[in-house]
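A short worksheet on the structure shown next.
Readers should treat all values here as calculations from the given coordinates under stated rules, not as data from a laboratory. Since the structure is predicted, the reported quantities are computational estimates derived from the model, not experimental observations. Cβ sites come from the backbone with ideal geometry, for glycine too, and all protein chains shown count toward neighbours.
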Amino acid sequence: MTGRPSSYRPEFAEQAAKLCRLGAKDAELADFFGVDERTINNWKNEHDEFFQSLKAGKAQADADVADRLYRRAMGYEHESVKVFMPAGATAPVYAPYTERFPPDPTSMIFWLKNRRPDLWRDAHRQEHTGKDGRPIETAALSPDERVAKVRRMLDEAYGSDGVEVPT
């Protein structure tokens, strides 16, 4: 094998997994390890434990975000505590309560558009084809052909009652 020895060390796999769980991308991993992003790609190819740790860390981060988005879309509640320091008191007063967060319509829309784009996307894909599914044939019309086409369209829409079409 020629070239400089690899700077990869086995402990990088766990460090990379932790960084990926925090949302780090390959460019940020390269910065952390003080290498070029191409080196990160080489390490993925040469060290399966490194590649697997990246996959697992990124999958965990994505799952955590998906869980939070789902909870936000559905609404949730959690126990919390308010701390008060009344005038003249010598110690703070702790007041436990349940904090409620209602369902968030924006999160719902985001979730549905991404999970079920066939039902929820704004733009629907439409494909236009010509006769028997072939491409639409287009041709430039002469001025006389354009006038005749407009006359036919008007006749179909309003009947042929002698509407004058300027030439």
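Computed values, structure above
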quantity: Count of the range 22-42 residues which are under 18 Å from ASP62 (Cα atoms) and acidic (Asp, Glu); calculated: 2
quantity: Residue pairs meeting the criteria (Cβ under 8 Å; at least 6 apart or on separate chains; first under 26 Å from GLN126 (Cα atoms), in the range 136-153; second loosely packed, with under 10 Cβ neighbours inside 10 Å); calculated: ILE136/HIS128; ILE136/THR129
quantity: Pick from the range 116-148, criterion surrounded by 12 or more Cβ atoms within 10 Å (Cβ to Cβ) and charged (D, E, K, R), ranking: farthest from the chain's Cα centre (by Cα); calculated: ARG146
quantity: Unique match (being closer than 27 Å to ASN114 by Cβ and assigned to a helix (DSSP H, G or I)) among ALA24, ALA56; calculated: ALA56
quantity: Qualifying residue in the range 13-21 (condition: without any contact (Cβ under 8 Å) to a residue 12 or more places away in the chain and under 21 Å from ALA63 (Cβ atoms)); calculated: no
quantity: Subset of the range 50-76 (residues that are in contact with a strand residue (DSSP E or B) (Cβ under 9 Å, 6 or more places away or on another chain) and either under 27 Å from TYR8 (Cβ atoms) or surrounded by 14 or more Cβ atoms within 10 Å (Cβ to Cβ) (or both)); calculated: ARG71, ARG72, TYR76
